[in-house]
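The values are calculated or read from the model by the stated rules, or taken from the named source; none is laboratory data. These figures come from a predicted structure and were not determined experimentally. Cβ placement follows ideal geometry from the backbone for every residue including glycine, while neighbour counts extend to all protein chains displayed.
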Amino acid sequence: MQYDLDTIKRELHTLPTFDNQIYLQGIDEGMDPINPTLGQNYLDANRNEIGYHVPLFDIPYINDIIHEHSLTRTRVMRMHKKTCYYWHKDITQRLHIPIVTNEHCFLVFEEGTLHLPATGKAYIIDTTRYHSAMNASKQDRIHIIGNLPK
């Protein structure tokens, strides 16, 4: 699965400014894409991942990718430099499209690490296994991440 990274980047530049993540799909068109769980438990969003299927932005190329893979709860995630996520597992596998990364950004699994280069390639990652992500660099890492159907 190879996509045009320049087109993706152009569409992402039309989105509002965000710090950690911005949802590309929501429960409804009026959902706040930056604070979707405001006033509710964050874990409820994780348990209701299929409910996030309504496109929130006019980004035709990215929306076509989302539709092609029947993704839900798709978002752009920024992992700040020198950070690491907690050890966890997800309900579904994820599709990752790296947008900005480097060799010091990787996913961590019990059996080792995995670097996903930003070449326009989409990667299916089995995040139903315990994992983390690490950015051991001096620049932010940006990925589009969507939930694959069970």
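So the values come out like this:
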| read-out | value |
| --- | --- |
| The stretch 105-124 residues that are under 17 Å from Thr92 (Cα atoms), paired with ones that are among the hydrophobic types (A, V, I, L, M, F, W, C) and at pLDDT below 95 (beta carbon under 6 Å, 6 or more apart) | Ala122/Met1 |
| Among (1) in a loop (DSSP other than H, G, I, E, B); (2) closer than 17 Å to Lys150 by Cβ - the single one Pro117 does not satisfy | (2) |
| Subset of the stretch 126-139 (residues that are farther than 17 Å from Thr74 by Cα and over 14 Å from the mean Cα position of the chain (by Cα)) | Arg129, Tyr130, His131, Met134, Asn135, Ala136, Ser137, Lys138, Gln139 |
| The stretch 127-150 residues that are under 16 Å from His69 (Cβ atoms) and loosely packed, with under 14 Cβ neighbours inside 10 Å, paired with ones that are at pLDDT 95 or above and among the hydroxyl-bearing types (Ser, Thr, Tyr) (beta carbon under 7 Å, 6 or more apart) | Pro149/Ser70 |
| Residue check, Ile97 outside any helix (DSSP H, G or I), closer than 16 Å to Leu148 by Cβ and at pLDDT 95 or above | yes |
| Thr92 being touching a helix residue (DSSP H, G or I) at 6+ places or on another chain (Cβ under 7 Å), modelled with pLDDT under 95 and surrounded by 18 or more Cβ atoms within 10 Å (Cβ to Cβ) | yes |
| Pairs where the first residue, in the stretch 1-30, is closer than 16 Å to Leu71 by Cα and the second is surrounded by 10 or more Cβ atoms within 10 Å (Cβ to Cβ) and of a type in the set (S, T, N, Q), C-beta under 6 Å, 6+ apart | Leu24/Thr74; Gln25/Thr74 |
